[in-house]
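The values are calculated or read from the model by the stated rules, or taken from the named source; none is laboratory data. Quantities reported herein were computed from a predicted structural model and do not represent experimental measurements. Neighbour counts run over all protein chains shown; Cβ positions are idealised from the backbone, glycine included.
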Amino acid sequence: MNAHDSERIKGMLEDIGLGEASAPDDADVLVFNTCTIREKPDTRLAAHLGNAKALKERDPERVVAVGGCYAEAQRDRIFSQYPFVDVAFGPGSIPHLAEWLGAGGHGVSRSAFGIAEERRFAATLPTHRERSFQAWVQVSMGCNSKCAYCIVPSVRGREVSRRPGEIVAEVTRLASEGVKEITLLGQNVNSWGRDLRPDLDTEFGELLRACDAVDGIERIRFTSPHPKDFRDPVIAAIAECAAVCEHVHLPLQSGSTRILKAMRRTYSRERYVALAAKLRASIPDLAVGTDIIVGFPGETETDFAETLEVVEEVGYDSAYTFVYSPRAGTEAAEMPDQVPDEVKHERIERLVELVQRVAAERNLSRVGAVEEVLVEGTSRTDAAKLRGRTRRNTTVNFVGAAAPGELVHVEIHAASSTTLSGRQAALVAA
Ligand code: SAM
Ligand code: SF4
């Protein structure tokens, strides 16, 4: 979501005549789009702002803007903590940034917190897309869940869905511009539509079907879904829509029902595992990814062992693993029994080792298969090779001849825990 917000910020700045500088020293305007999901991004921002302060001292006319979730979380403190910051704005206020930066000759409104009263979709703004053939499509903003560890609901607000007609119009326009792959975006993407009028076909499965019907869209992805909202019509739509990819992100967070309850995730270990099995049974060749947090308050060795068991049982193709990071203002930050750092770190090492072994086994089973790959560019590790992604969302480095944006077939020859490698099928035949 932040990457997408950054594209909108870039597009909007270009629209008011600002181009990208090659380095911060050369920039007249510095915009930081921040994340505050864990402590690490906060610490990194502090270092970046230290540099920005030095640049501002050299050239006081330079404008420093801080946007995104950190700015929203710190709205009462940001100007006292960082007095050199000119403009700050929350994630729902991106559409107003141009005004605050002085577009239209009004001058920069310095030290004004640019939080608009009304949150607005950034989706209607111009975009600076990294690749012409892939696009994010925001379908909702905010989140109505109350996961005990998570800062998102307080910085991005309650869930608001975009109207289906508006979303499909955007997808149709993107297809006409040559976009082949879209990723539908929402903090809780598959609960989309609950706040809209029921007569508008406001069920996420319906939205997948409507996007699938748009000519030219070859691949549809969506992130991040919540296990509680994978109802049967959604599973059926994934299975039946040709463009919807065989990849589902199914955030587990913990394999212990006791911890899941404390996290307020609203599912048990058994319900989660049954859902994963149902998805695999309904969608042939499905790849399943996940998010896991270790060291949530009160997590015992037995709870953690259950998380390891679920990783083995579900057999994830990929996983993002996080050390629990207390966020001020969340329920979990106030809980007793915070897990000591050394225990969290020892657990995450064991988890990462297992996740890598399981993912490597899953990837190894693709060796010998021919996968459809959307070419993204040159391999990051070998400039003589190309790089792309399979429908199952695995990165492939391969020998071939194709341009970014082309769909090619690649015969898979080798695998690691995160990537596949192979040779373009036409070249194999030749
Ligand atoms: N809405 C998505 C869901 O429900 O799974 C997740 C969105 S959140 C931005 C991405 C991931 O960050 C979460 O799935 C969780 O694993 C992780 N996360 C959130 N808060 C965290 C915290 N306080 N400490 C560690 N990881 C956290
Ligand atoms: Fe955070 Fe996701 Fe839970 Fe919403 S559903 S509170 S975004 S973890």
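Restricting the first member to the stretch 229-254 and to residues that are over 20 Å from V214 (Cα atoms), and the second to residues that are surrounded by fewer than 19 Cβ atoms within 10 Å (Cβ to Cβ) and acidic (D, E), the beta-carbon pairs closer than 6 Å and six or more apart or on different chains are P251/D291. Only residues that are of a type outside the set (K, R) and over 21 Å from the mean Cα position of the chain (by Cα): list them for the stretch 213-237, please. Scanning the stretch 213-237 gives A213, V214, D215, G216, D232, P233, A236, A237.
Let's see how each residue does on (1) farther than 18 Å from S6 by Cβ; (2) within 14 Å of ligand 1 (Cβ to nearest atom); (3) out of contact with any Leu (no Cβ under 6 Å at 6 or more places or on another chain):
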residue	(1), (2), (3)
R129	no, no, yes
Q134	no, no, yes
N144	yes, yes, yes
Y149	yes, yes, yes
G178	yes, no, yes
G186	no, yes, yes
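Annotation: of all residues in the stretch 129-181 being under 30 Å from I292 (Cβ atoms) and acidic (D, E), the one that is surrounded by the most Cβ atoms within 10 Å (Cβ to Cβ) is E181.
In the set R269, R258, which member is more than 21 Å from R38 (Cα to Cα), over 23 Å from the mean Cα position of the chain (by Cα) and crowded, with 18+ Cβ neighbours inside 10 Å? Every option except R269 fails the conditions. Just to be sure, is V375 within 21 Å of N397 (Cβ to Cβ), away from ligand 1 (no atom under 16 Å from the Cβ), touching a helix residue (DSSP H, G or I) at 6+ places or on another chain (Cβ under 6 Å) and of a type in the set (A, V, I, L, M)? No. Taken together, the criteria place R265 among residues that are in contact with a strand residue (DSSP E or B) (Cβ under 7 Å, 6 or more places away or on another chain) and part of a loop (DSSP other than H, G, I, E, B).
Is one or more of the residues making up the stretch 6-28 touching a Phe, Trp or Tyr at 6+ places or on another chain (Cβ under 9 Å), more than 16 Å from ligand 2 (Cβ to nearest atom) and under 18 Å from L185 (Cβ atoms)? Yes, the stretch 6-28 has at least one match. Within the stretch 242-249, is even one residue away from ligand 2 (no atom under 16 Å from the Cβ), over 21 Å from the mean Cα position of the chain (by Cα), surrounded by fewer than 20 Cβ atoms within 10 Å (Cβ to Cβ) and more than 20 Å from S318 (Cα to Cα)? Yes: the stretch 242-249 contains one or more residues that are away from ligand 2 (no atom under 16 Å from the Cβ), over 21 Å from the mean Cα position of the chain (by Cα), surrounded by fewer than 20 Cβ atoms within 10 Å (Cβ to Cβ) and more than 20 Å from S318 (Cα to Cα). Going through (1) of a type outside the set (S, T, Y); (2) modelled with pLDDT of 95 or more; (3) within 16 Å of ligand 2 (Cβ to nearest atom); (4) not in a loop (DSSP other than H, G, I, E, B) one by one, C150 falls short only on (4).
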